[in-house]
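First comes the structure, then the notes that go with it.
The values are calculated or read from the model by the stated rules, or taken from the named source; none is laboratory data. All figures in this text were calculated on a predicted structure; none of them were measured in a lab. Here the Cβ positions follow ideal geometry from the backbone for every residue, glycine too, while neighbour counts run over all protein chains shown.
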Amino acid sequence: MASIQSFKTKLDHISFLKIILLGLIIRILLMPLTGHRDTATLFASADKFISDGFLVFYKTHAVLYPPLAYLTLGFWQNLIRFLLPSSYPQWQSLPILYQFISFSSFRIFFLLKLFYLPFDIGTAFIISKFGRNFRESKILFTLWIFNPIVLYTTSMWGSLDIIPTFLSILSIYLIYKKKPVWGFFLLGIAAQFKLWPLLLLPLTAVISQKSLRQQIKMFLIGIIPFISMLLPVLTKPDYLTTFTSSERSTLINNASIYIGFSQYIYIFLLIYLLIIFYTENFYKGKMAMLTAISLIVLAIFYITSAYTPQWFLWILPYLIIQTVYYPQLFKSFVYICISYLLVILTYDAPLSIGLFAPFDPSLLNTPILKELFERTVVDPNKIWSVFRTINAATIIWFIYHWRIASKKS
């Protein structure tokens, strides 16, 4: 409690403008000096989406995202093409090491990641709107704008996840402010970038609407635009096969209990349905629970999946909001961030120190914790599993403490 109180006192003497400017400066410095192969690959796919056309692209390419993701990134790429070097098409097809050796990589990574900057800063502003007074709003904004996990996933890695994260927290805010039509519509649009916002759709409908009729109406407002934009590719067997059998999809279902005869009980689905039933009975119409229930659902999904590091971004706005609402959770929040760092160290160099490869390409081959364990431990996967378990434990501990704190308040 003393540490969070000290943080609040120091923050009182810093203006909002200084916080914004410093946050922007940090991002502008990190964007050109860091990068990951995923950024180049995703924008190259978006380029193909624009040139090949909607249906041809989904028929001939291994697709990870819904159409709006590729369309949006393709549009941005065409918009900034006159600023990109003439060698950009060749740069996209270079092996990863040669991409980073190229001096053009500074400019390319900066311009590509510039698209994510408004969503990043916008998320900070939306989170600040959940503050119950000016001081809380300022703390909420600061905890996002200087959060190392945000800087890592968005400014350094250049992850697409910031877009659905922004849209989902904006939709929750609009619903909270009694603008449900726009809120549910945006939640459906958010799922056009990544599918996870669909997890919030039924729960948000149950919490925000008291009658079954209104719940169904709001659910349809969110799901219809999502389905209508996806309809042309849903009829393509190639896309459905890729989506249902991809490695990413199967990893989501791996947390399960085998009950015999090749049948399983899926742990996340079981908990998710129980949360819906519980919410229907105890939290219907209780708007104050929107961010807390969103946190619980996304956290359970995160810890029961073989996630990639950027998925944590989905949970972060809701973690920050609850931390500010209940200052006694601050220590638990710090533990989560530290355990997340341990998980990052279990990945290859390109997802840690190797992100600075545009500045020094040799960092791609620099041994880190993962490589050291692989050289000394017979089965390093067990070590990685321990780190993920620690991360999961800190998140569950946070939720447990939140439950106690919310009962007392």
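Listed here are the residues, each with its yes/no results for (1) in contact with a helix residue (DSSP H, G or I) (Cβ under 7 Å, 6 or more places away or on another chain); (2) assigned to a loop (DSSP other than H, G, I, E, B).
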residue	(1), (2)
113	yes, no
119	yes, no
126	yes, no
132	no, yes
152	no, no
165	yes, no
170	yes, no
175	yes, no
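For segment 162-172, the condition of being aromatic (Phe, Trp, Tyr) and surrounded by fewer than 24 Cβ atoms within 10 Å (Cβ to Cβ) holds for none of the residues.
The residue that is modelled with the highest pLDDT, among those in segment 304-316 that are crowded, with 19+ Cβ neighbours inside 10 Å and β-branched (Val, Ile, Thr), is 315. Just so you know, in segment 238-295 the residues that are touching a Leu at 6+ places or on another chain (Cβ under 8 Å) and farther than 22 Å from residue 315 by Cα include one that is modelled with the lowest pLDDT, and it is 246. The single condition from (1) outside any loop (DSSP other than H, G, I, E, B); (2) at pLDDT below 85 that residue 63 fails is (1). For segment 338-376, taking the residues that are part of a loop (DSSP other than H, G, I, E, B) and among the aromatic types (Phe, Trp, Tyr), the one that is modelled with the highest pLDDT is identified as 347. Among the residues of this structure, residue 334 counts as one that is free of Cβ contacts under 8 Å to residues at least 24 places away in the same chain and under 26 Å from residue 383 (Cβ atoms). Does segment 168-179 include one or more residues that are farther than 17 Å from residue 122 by Cβ and among the aromatic types (Phe, Trp, Tyr)? No, segment 168-179 has no match at all.
Where residues in segment 319-338 are aliphatic (A, V, I, L, M) and in contact with a helix residue (DSSP H, G or I) (Cβ under 7 Å, 6 or more places away or on another chain), which of them is farthest from residue 408 (Cα to Cα)?
Selected residue: 336.
Here residue 9 passes the criteria (1) within 30 Å of residue 230 (Cα to Cα); (2) modelled with pLDDT under 90 except the one numbered (1).
Taking the criterion of being closer than 15 Å to residue 154 by Cβ and buried (at least 16 other Cβ atoms within 10 Å of the Cβ), the residues of segment 10-42 that qualify are 23, 27, 30, 31, 32, 33, 34, 35, 36, 38, 39, 42. Among the residues of segment 43-89, those identified as basic (Lys, Arg) and surrounded by 14 or more Cβ atoms within 10 Å (Cβ to Cβ) are 48, 59.
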